[in-house]
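Below is one structure, written out as structure tokens, with a few remarks after it.
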Amino acid sequence: MSEEPRSESKDDPGDSAAPNTLDWRRWSILAAGLAVFFLFWFMDAPAPAVDPAGEEFPLSDAGKAALGLFLLAAIWWVFTPIPIGVTAIAIGVFQALFLIRPPEVAFGNFMDPAVWFIFASLVIGIAFTKSGLTQRLAYRMLMLVGERTSTIYLGTFLVTVALTLVMAHTAVAATIFPVLLAIYSLYDAGDRPTRFGKGLFIGMAFAAGAGSIITLLGSARGIVGISFARDVADIDVGFFEVTYYLAPVGLLMTVLIWWMMLIFFPPEKKRIEGLTEVAERRYRELGAMKRDEWLTILIVVGAVLVLALQAMVPALEPVSRPAILLVTTLLFFALGVLTLKELEEIPWNIILLFGGAMSIGFCLWQTGAAEWLAITWLGMFEGAHWLLFVLGLGLFFVVMTNVIMNVAAIAIVLPVALVMAGYMGVSPHVVLFVALVATGMPFLFLVGAAPNAIAYQSGQFSTWEFFRTGVPASIVLTVVIGFSVLVIWPLLGMPILAG
């Protein structure tokens, strides 16, 4: 396999600047982030948010600072004046220095179980590569999809979606990522980023999100949302009911993602001549499955089965999902599939990124800033047409899930939205399923979902390119939500209006 290509927009600030020359762009972005933070730090407190019951939710000084810190992080993450992992460290540092939250809490979030889940998923990807499974899967996939680059796009996206039906989308992205690297190595593009590379990896991240909404096994957000709907709105949604209503939406989004990648990143080559022949020859050269390949398959399949059974066996529900997945890490090293060398190759920049994402997410939550935002935003639609309320809710979820964990976004916004739905005459089923769709596809920031950050390791795109692609993709997602509410779900029998 060839070396990983590097993005033209490097994540190493100052690389393009001449020695001893001040990099004005870099320092301007750093200053812009700081200016926004201090603007929020010094501004007067805005008016309290008021929920439908008339209860007021003032924004505290810590909440103001949390909003400013989030905007600082967003600016630095999109334009990367410093590495994304270092921006994540700054999130903890600012909380401690400006007394937004205690340092042991701010930095403690960097060790959150969700971060360890991502760590274990990345290790699975490394195990696939080290064992040789990556090349075997890549060549087999190319033998099936053929030589047209447009079909390679579609084939990889569909495989990604298929895997998310039975395992968490983070683990899927980590597993499929090295396969895509192996496929891309046959594109013969050298070390430079290409449109095909951008579309392949960004599309994979987007498709992982689209697939993860179809079953409760793709992410924890579904179970959390169903629990809130049961407690707040007294509705009970079953495992297969989720798939019944969301499979058409997830598949529609997958096709639209494929089209968007062909429009935004049309491959330089329509065909890779001789690709099928090369893939067949290299597949034969791999020979029979080796010990490490079988061990990797058995370990990963075992972990996936336990995670899948959690949704069906009550006794397994309390068991930590990150702990289950981390068992794979222990077994990989205990059985010699991986060594110290592979441990040192873990992309710590990505681990730090998600540590910072968890920290700013909990910061917005615990300071009340996220709740204030949710009530303020949804309050704007009080008295409006029910469809505007639903679309506004979907858009808010789309934005919030790019900022904080999708589980946290559901925990903060869904209870408020379910209460408001009663005033707007909207069925709680609609509110729940809009939440599950919108929080499943964070297309704007790398911190929105682990597949985004995993795809970024390819070096094919910059954070700005990802954001620029994510804006129209998020608009398409909002339109699909509206189409689902007006057409798809009524045809499937979902109640749209209350009463």
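The values are calculated or read from the model by the stated rules, or taken from the named source; none is laboratory data. Predicted model only: the values in this text are computed from it and were never measured. Neighbour counts are summed over all protein chains in view; Cβ atoms, including those assigned to glycine, are modelled from backbone coordinates with ideal geometry.
Take the stretch 74-114 and flag every residue that is touching a helix residue (DSSP H, G or I) at 6+ places or on another chain (Cβ under 7 Å) and not in a helix (DSSP H, G or I).
So in the stretch 74-114, the residues touching a helix residue (DSSP H, G or I) at 6+ places or on another chain (Cβ under 7 Å) come out as 75-85, 87-89, 91-92, 94-96, 98, 100-101, 103, 106-107, 109-110, 112-114.
Within the stretch 74-114, 80, 81, 82, 83, 98, 100, 101, 112 qualify.
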Quick one: residue 116 ticks every box in (1) farther than 30 Å from residue 273 by Cα; (2) crowded, with 24+ Cβ neighbours inside 10 Å; (3) not acidic (Asp, Glu) bar one, so which box is it? (2)
Looking only at the stretch 385-394, and only at residues there that are assigned to a helix (DSSP H, G or I) and free of Cβ contacts under 8 Å to residues at least 24 places away in the same chain, the one that is nearest to residue 100 (Cα to Cα): 392
Cβ contacts < 7 Å: first residue in contact (Cβ under 8 Å) with a residue 24 or more places away in the chain, restricted to the stretch 313-339; second residue surrounded by fewer than 18 Cβ atoms within 10 Å (Cβ to Cβ), any location; separation 6+ or different chain. Result? 320/113; 322/113; 335/295; 337/295
Output the number of residues of the stretch 1-26 satisfying the condition of being assigned to a helix (DSSP H, G or I) and either more than 29 Å from the chain's Cα centre (by Cα) or modelled with pLDDT under 80 (or both). 1
What's the number of the only condition in (1) closer than 30 Å to residue 96 by Cα; (2) surrounded by fewer than 24 Cβ atoms within 10 Å (Cβ to Cβ) that residue 418 fails to meet? (1)
Residue count, the stretch 237-261 (criterion: closer than 16 Å to residue 152 by Cβ and touching a Phe, Trp or Tyr at 6+ places or on another chain (Cβ under 7 Å)): 4
Test residue 202 against the criterion of being at pLDDT 90 or above and assigned to a loop (DSSP other than H, G, I, E, B), and give yes or no. no
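Let's see how each residue does on (1) farther than 20 Å from residue 256 by Cα; (2) out of contact with any Ser or Thr (no Cβ under 7 Å at 6 or more places or on another chain); (3) not small (Gly, Ala, Ser):
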residue: 147; (1), (2), (3): yes, no, yes
residue: 156; (1), (2), (3): no, yes, yes
residue: 168; (1), (2), (3): yes, no, no
residue: 177; (1), (2), (3): yes, yes, yes
residue: 191; (1), (2), (3): yes, yes, yes
residue: 203; (1), (2), (3): no, yes, no
residue: 208; (1), (2), (3): no, no, no
residue: 223; (1), (2), (3): yes, yes, yes
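Run down 232, 249, 237, 242 and say which single residue is outside any helix (DSSP H, G or I) and surrounded by 17 or more Cβ atoms within 10 Å (Cβ to Cβ).
237
For the stretch 159-177, which positions are surrounded by fewer than 18 Cβ atoms within 10 Å (Cβ to Cβ) and either at pLDDT 85 or above or in contact with a Gly (Cβ under 7 Å, 6 or more places away or on another chain) (or both)?
Once the filter is applied, which keeps residues that are surrounded by fewer than 18 Cβ atoms within 10 Å (Cβ to Cβ) and either at pLDDT 85 or above or in contact with a Gly (Cβ under 7 Å, 6 or more places away or on another chain) (or both), the stretch 159-177 yields 162, 165.
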Conditions first: (1) part of a helix (DSSP H, G or I); (2) within 27 Å of the chain's Cα centre (by Cα). Residue 312 passes all but one, so which condition is the exception? (1)
More than 22 Å from the chain's Cα centre (by Cα), more than 30 Å from residue 318 (Cβ to Cβ), in contact (Cβ under 8 Å) with a residue 12 or more places away in the chain and surrounded by fewer than 18 Cβ atoms within 10 Å (Cβ to Cβ): does that describe residue 94? no
Of the residues in the stretch 49-73, those that are surrounded by fewer than 21 Cβ atoms within 10 Å (Cβ to Cβ) and outside any loop (DSSP other than H, G, I, E, B) number 6
Among the residues of the stretch 187-198, is any within 17 Å of the chain's Cα centre (by Cα), surrounded by 19 or more Cβ atoms within 10 Å (Cβ to Cβ) and at pLDDT 85 or above? yes
Expected single match for part of a loop (DSSP other than H, G, I, E, B), surrounded by fewer than 24 Cβ atoms within 10 Å (Cβ to Cβ) and touching a residue at least 40 places away in the same chain (Cβ under 8 Å) among 382, 371 is 382
